[in-house]
1. Looking at segment 29-37, is at least one residue of a type in the set (Phe, Trp, Tyr) and near the ligand (Cβ under 9 Å from one of its atoms)?
2. Condition check: within 15 Å of the ligand (Cβ to nearest atom) and either among the basic types (Lys, Arg) or surrounded by fewer than 13 Cβ atoms within 10 Å (Cβ to Cβ) (or both). Does Lys88 satisfy that?
3. Evaluate the following for Asp94: is it among the acidic types (Asp, Glu) and either touching a Cys at 6+ places or on another chain (Cβ under 8 Å) or over 19 Å from Lys2 (Cβ atoms) (or both)?
4. Pull out all pairs, ordered by first then second residue, where Cβ-Cβ is under 7 Å, the residues are six or more apart or on different chains, the first lies in segment 7-19 and is over 15 Å from Asp64 (Cα atoms) and within 7 Å of the ligand (Cβ to nearest atom), and the second is at pLDDT 95 or above and part of a loop (DSSP other than H, G, I, E, B).
5. Output the number of residues of segment 1-43 satisfying the condition of being closer than 19 Å to Met92 by Cβ and either of a type in the set (A, V, I, L, M) or modelled with pLDDT of 95 or more (or both).
6. Which residue pairs have Cβ atoms closer than 8 Å, lie 6 or more positions apart in sequence or on different chains, and pair a first residue in segment 47-65 that is within 21 Å of Ser4 (Cβ to Cβ) and in contact (Cβ under 8 Å) with a residue 12 or more places away in the chain with a second residue that is small (Gly, Ala, Ser) and within 9 Å of the ligand (Cβ to nearest atom)?
Amino acid sequence: MKCSQCGVCCKLFLINLTEKEYKSGKYKTQFEEFGLTEDFQEAEMCGANIITQQKDGSCYYLMDGKCSIHNKRPEACRAFFCKSDNPKFKEMIDRMNKYRQKQQSSSHI
Ligand code: SF4
């Protein structure tokens with residue numbers, strides 16, 4: 001099954017970069033205006049390895065409902081699949097389903 005690129009996960013979840021991704025400097029991250037730290041543990045502790053969010057909380061790279069860096073998206077985005085039956089994703093998938101239900105019910109008013 002393929003990702004439909006609905007963009008819902010990109011609106012709801014923070015994306016933690018791996019050490020390699022963070023140190024590559026290729027992704028726009030929170031607090032980067034203060035400079036990247038060499039110490040990845042420190043970056044993780046303060047959330048500096050998280051991709052910047054837009055004002056509405058969605059990922060910086062979500063444009064017109066689609067990932068603008070789809071072929072270069074971080075590992076965290078590649079690993080997650082909302083149709084997965086892997087228990088480690090259950091909480092995230094439940095949250096996505098609740099979000100979709102809320103969207104559907106508000107569009108019927
Ligand atoms: S990098 Fe792309 S796939 Fe990952 S959360 Fe952002 S918009 Fe979504």
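1. No; the residues of segment 29-37 include none that is of a type in the set (Phe, Trp, Tyr) and near the ligand (Cβ under 9 Å from one of its atoms).
2. no
3. It is true that Asp94 is among the acidic types (Asp, Glu) and either touching a Cys at 6+ places or on another chain (Cβ under 8 Å) or over 19 Å from Lys2 (Cβ atoms) (or both).
4. Within 7 Å, the pairs are Ile15/Pro74.
5. So the count comes out to 12.
6. Ser58/Gly7; Tyr61/Ser68; Leu62/Gly7; Leu62/Ser68; Gly65/Gly7
The values are calculated or read from the model by the stated rules, or taken from the named source; none is laboratory data. Quantities reported herein were computed from a predicted structural model and do not represent experimental measurements. Here Cβ is always computed from backbone atoms with ideal geometry, including for glycine, and neighbour counts include all displayed protein chains.
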